[in-house]
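Engineer: Starting off with a structure, shown below.
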């Protein structure tokens, strides 16, 4: 979904999110967080942002009913994006299902800032072929893409972390960017820790405000003194080793 | 016909420029909302529930949306008194809007110590004593469900503070007016009601409660009729100001509370949905007064016709 907008939203960086209000009377009361999927440009100038979402509940169903010309009430960009450095030459992007939403934006950003010199290796996993989104976008950027599905309908029938772990042991990357289901991130966290790698993961959480007021969106921190981190203001992108997931 | 209707109200010794406050736990430490409004236009700001020591709060999931509302079980996560004074207070001191600190303890002595420490800070206008949080095992509701215990807590705080002393009441009691009268007798300057209503939600597929805490506090438009009824009931029993809170989403809701007998209102969950709600209600009440040729807010307060 493309949203035409102005102001700071156009300066969003990969990993940041917006809070969307889906008007349905007092039902669907709370705003929903969505990762920014990309910046829409026209003649080289930023004109809007893109969202990628999967209909999983009442909120995303309502979002699917919006049509061209409708207006959407959003707050953002919010949160902290991925750390991007020119010193990272060997990068892995690991995605599970709809977790690809911020990662496509990230891949495009890396392409732009490095002038196409850095080509991250992309690992896309899904339950089935229908869950594999943005494969073409990554290939169009000239990136090597490895695909797996749970049911074998596309790519190898295994978890995406299986071929990824093999790749990591052969040639360890300098940075890994990951987004996907918690089980995938747990697995990645273990491997990252074992091999002493650097990994940033974007974490999804229910949240009411997105600005650090409700304190509803916590994840456990590895540091026991800190106890919890807030996805909205401390994340949603975290060094995976800082979390206890 | 007055061009500028008078909307100022007093909550004990604290003078508010208007009757719109922001509810504890829904407005952070105010700075979070500075980008959305001029905070000095608010009548009062009540900051997140504060304890002597920092508290991490409950494990996630902590919130879930329900029909016309939300359940939360944050568990009073907060930075603790020392960090509040060091890190949060400097910004709050820059505001002209009166700041109330919501305090909670696990013992009566802790409530008293918090009151004593905060008494030394002139920029704090008042305290809101939380005897009604449903999400912490010790303290909270344990003090708010029994008139005698509530009396003891408020008496102990009253001894330590000359500031405006507001007590936040729980709806999770058989008769809220009993607690209200007891707290008034102990020296409260004002009552705020209601805190959230205890509730729960279950995931049908896993048959597990959605909140890690199992139960949580229901807030939002779903609870407004209950809050309004309780404000009306308590207003008939006490002579101190009542601050109405519970599901206020806009000006109309706020006016209902004033008519029922509240001297001021708190905006809570609506801050999450529309961060500008509180100032919009400030403007909305003024506009409504002008349209109805009402010069002073006191003409509205308790004006219910039954």
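Read-outs: derived from the displayed coordinates by stated rules, not from any lab. A quick note: this is a predicted structure, and the numbers were derived from the prediction, not measured. Glycine gets a Cβ as well: all are built from the backbone with ideal geometry, and neighbour counts include every protein chain shown.
Engineer: What shape does chain B have by the C-alpha gyration tensor, where a ≥ b ≥ c are the square roots of the eigenvalues, rounded means a/c under 1.5, and otherwise prolate means a/b greater than b/c and oblate the rest?
Structural biologist: rounded
Engineer: Among B:48, A:117, which comes first, second and so on when ranked by fewest other beta-carbon atoms within 10 Å?
Structural biologist: A:117, B:48
Engineer: What value, in deg cm²/dmol to 500, does the helix sum -39500 (n - 2.57) over DSSP H runs of n ≥ 4 give at 222 nm once divided by the residues of chain B?
Structural biologist: Result for chain B, helices only: -8000 deg cm²/dmol.
Engineer: Using a 10 Å cut-off around each Cβ, can you sort B:306, B:231, A:219 from fewest to most neighbouring Cβ atoms?
Structural biologist: B:306, A:219, B:231
Engineer: If you count the DSSP beta bridges with both ends in segment A:91-242, what percent of them are antiparallel, to the nearest 5?
Structural biologist: 20
Engineer: What are the radius of gyration and Dmax of segment A:1-93, computed over its Cα atoms and given in Å?
Structural biologist: In Å, with Rg to one decimal and Dmax whole: 14.8, 49.
Engineer: What do you get for the angle between helix A:161-170 and the principal long axis of chain A? Use alpha-carbon atoms, 0 to 90 degrees, nearest ten.
Structural biologist: Once rounded, one gets 50 degrees.
Engineer: For a distance above 21 Å, tell me the whole-number percent of Cα pairs in segment B:187-285 that qualify.
Structural biologist: Tail of the P(r) past 21 Å holds 40 percent of the pairs.
Engineer: Same structure again: How do B:242, B:214, A:211, B:197 line up, fewest other C-beta atoms within 10 Å first?
Structural biologist: Sorted ascending by nearby Cβ count, the order is B:214, B:197, A:211, B:242.
Engineer: Give me the angle, in degrees from 0 to 90, between the Cα long axis of helix A:182-195 and the longest principal axis of the Cα atoms of chain A, rounded to the nearest 10.
Structural biologist: Approximately 40 degrees, to the nearest ten.
Engineer: When DSSP assigns beta bridges and you keep just the ones with both residues in the protein assembly as shown, what percent turn out antiparallel, to the nearest 5?
Structural biologist: Antiparallel bridges make up about 45 percent of those DSSP assigns within the protein assembly as shown.
Engineer: How big is the protein assembly as shown by Rg and Dmax over its Cα atoms, in Å?
Structural biologist: 25.5, 81
Engineer: Rounded to two decimals, what is the ratio between the C-alpha radius of gyration of chain A and 2.2 N^0.38 Å?
Structural biologist: Output field value: 0.99.
Engineer: Using only Cα atoms and rounding to the nearest 10 degrees, what angle (0 to 90) does helix A:100-113 make with the longest principal axis of chain A?
Structural biologist: 70
Engineer: What's the center-to-center distance, using Cα atoms, between segment B:203-221 and segment A:192-237 in Å?
Structural biologist: Cα centroid to Cα centroid, the span is 21 Å.
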